[in-house]
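Here is the structure we will look at, set down as structure tokens.
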Amino acid sequence: MWYGVDNTIVPLLQRIIGVFMSRRRLLLQLSRTAAVLAWQQVFAPGVQAQAPKLEAWSAAGDIFTLGLASGEPRPDSVVLWTRLAPHPLQPDGGMPPRAVPVQWVVAVDAGFKQVVKSGVAVADPASAHSVHVDVTGLSPGRTYFYRFESGGQRSPIGRTRTAPAPGAQVDRLRVAVASCQNFEAGTFTVHKEIATADVDLVIFLGDYIYEVDARSYQRQRSHLHKFPSRPEHFTLADYRMHHAGYKLDADLRACHAAHPWLMVWDDHEVINDYTGADALKIPHHETFLNVRTAAYRAYFEHLPVSPSRAPIGSVMRMHERYEWGQLAEFWTVDGRQYRDKPVCPAKVGLFWNCKWVDMRERTMLGQDQEYWLAEGLAASTKAWKFIAQPTQVAPGVLGTLMGPLGYADGWDAFPAARERLMAAIAQPRVPDVICLGGDVHRHVAANLRLNPLDPASPIVASEFVTSSVTSQGLSELLNAWVKASNPDVLHMRSDERGYMLLDITPTQTRCTFRGTTHPVRADSRLRNQAVYVVDRGVPGTRKG
Ligand code: FE
Ligand code: CA
């Protein structure tokens, strides 16, 4: 079975190769430093005018077209990202086929008078001239400003923040949670609002790009790069240009520049509804793995994730744990890479009366990640535990006279795995757990029971699911039908796009669902659709 191999041997190989690679990279880095120093003498910032001749690529226009970003904040570190691309919609970004040095600077002030960290990274053509710097030695709970310089050009300024010290008593944390941004389905007005909002952190729960176009009648604008019509022909160059096209959106760039992000991925970063090493749209196994390899590679190259996540072949570890003082702990969960194949596959993505979904061994997270999450939850000493995963955990079936119709791509198709997740919360009695989700293009507040299908089972956790940034949701009729079929869903609206604002204090987590009508336009205004709260020590959510 491929899954068994994926769950045990591949991560082990990855670890072994990782050790080898880091040594190799260090040697490479050392040999490059000499070249960088020589290069800097010609193109040192401020002496560009005296430089004998600008490199063709740096004279070609702005090399920071894709902006910059930060992510994975820790008490002493944060990851900084940029990618040099004077012509972002060309396969090579308009860069020469050789490594280019990029200087990075971190300061405590936006004027860069008090620089605390700086260094030189190498933008390599093998990584599409992207740069991932894991800046360490920073102070906890602090705002920083950063920027890059290369080829005599200076990037815009980014702002980021480190997590508080692990033992710190934190009064307040504010998080924006978003997902599902089909570029074609609307304007990124949600990001425009988050960019100027007073938040500490942004969590993105997947569908960062869409490899599919919006249906023509709902198209607000066109993808800047078009994939080939057949998904088996998708290449690394396609995924790179597609990511670049998304980053050419000024609101998305502004939101990255304003806050650190935590990343969770879902299916559209690769192929709609893919599961582990399989995709219904690409039946040939090896062909799909090649596409997945390209998609993961381009994903890494365009997002502020740790350089240690650089994919090896078709494997990229995304699940991770983050702390925010004593107040909160976050698990970013990968619901795609280790997931089992769909059973009883139906053309419209629904299953009905399918005994195979109940198989005990079926998994959405993979056995290793399930154990990792369960152990982490049981060991947590933080006030709040947030499971940041891609889709809705609470049942979301369509009730019919002949039994429920389920969404084949969600947790309803993995009932045994969902029970194990609930047991990991309830059996060691982990209090104050909140699941965060996306994918379903609707705002949802729900209670989670130990046995989610049994109304007599105790409530053990709460769930908030964010609507999409742009992607269209269910019709009014289907939304009402799903809501009526699932009594633990307290709030559910599919008609508005938006995001969630979480205000977290030691006594309460308050979720404000921000929403605006579909489709989102540049002048759309977001408003509060609903507020739900979870009181510390009380399982379940209530209207705020
Ligand atoms: Fe989506
Ligand atoms: Ca999805």
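Observations, loosely collected:
- For the chain, the solvent-accessible area with a 1.4 angstrom probe is 39 square angstrom per residue.
- Distant-in-sequence amide H partners of residue 440 (H built 1.01 Å from N, under 5 Å): 392
- Antiparallel bridge percentage (DSSP; both residues within the chain; nearest 5): 75 percent
- Between 195, 379, 509, the Cα set farthest toward the positive side of the dipole of region 162-543 (charges on each charged residue's Cβ, about the Cα centre) is that of 195.
- Full-stretch length increase - residue 126, residue 92 - with 0.36 nm per residue and alpha-carbon distance subtracted: 11.3 nm
- Note on the chain: with charges restricted to the Cβ of Lys and Arg (+1) and Asp and Glu (-1), its dipole about the Cα centre is near 780 debye.
- When region 262-313 is described by a simple charge dipole with +1 on each Lys and Arg Cβ and -1 on each Asp and Glu Cβ, the residue from 313, 280, 265 located farthest towards its positive end is 313.
- The chain: relative contact order as a whole-number percent, Cα under 8 Å and 6+ apart: 14 percent
- Full extension of the segment from residue 536 to residue 476, taken as 0.36 nm per residue of separation minus the current Cα-Cα distance, would add 18.2 nm.
- Dipole of the chain [Lys/Arg +1, Asp/Glu -1 at C-beta], most positive-end residue of 108, 498, 416: 108
- Rg/Rg_ref, the chain, where Rg_ref = 2.2 N^0.38 Å and atoms are Cα: 0.95
- Accessible surface ranking for 477, 501, 1.4 angstrom probe, highest first: 477, 501.
- Accessible carbon and sulfur surface of the chain relative to its total accessible area, %, 1.4 Å: 57 percent
- In the assembled protein chains, residue 247 presents an accessible area of approximately 0 Å² (probe radius 1.4 Å).
- The heavy atoms of residue 221 present about 60 square angstrom of accessible area, all protein chains included, probe 1.4 Å.
- Potential lengthening of the chain between residue 229 and residue 368 amounts to 46.5 nm, from the contour at 0.36 nm per residue minus the alpha-carbon distance.
- All other residues whose Cβ lies under 14 angstrom from that of residue 508 are scored, Lys and Arg at +1 and Asp and Glu at -1, for a net of +2.
The values are calculated or read from the model by the stated rules, or taken from the named source; none is laboratory data. What you see is a predicted model; the values in this text were computed from it and never measured. Methodologically, a virtual Cβ is constructed for each residue, glycine included, from the backbone with ideal geometry; neighbour enumeration extends over all protein chains shown. Surface areas here come from the heavy atoms of the whole protein model, side chains and all, with no ligands, DNA or RNA. Shrake-Rupley method; radii C 1.70, N 1.55, O 1.52, S 1.80 Å.
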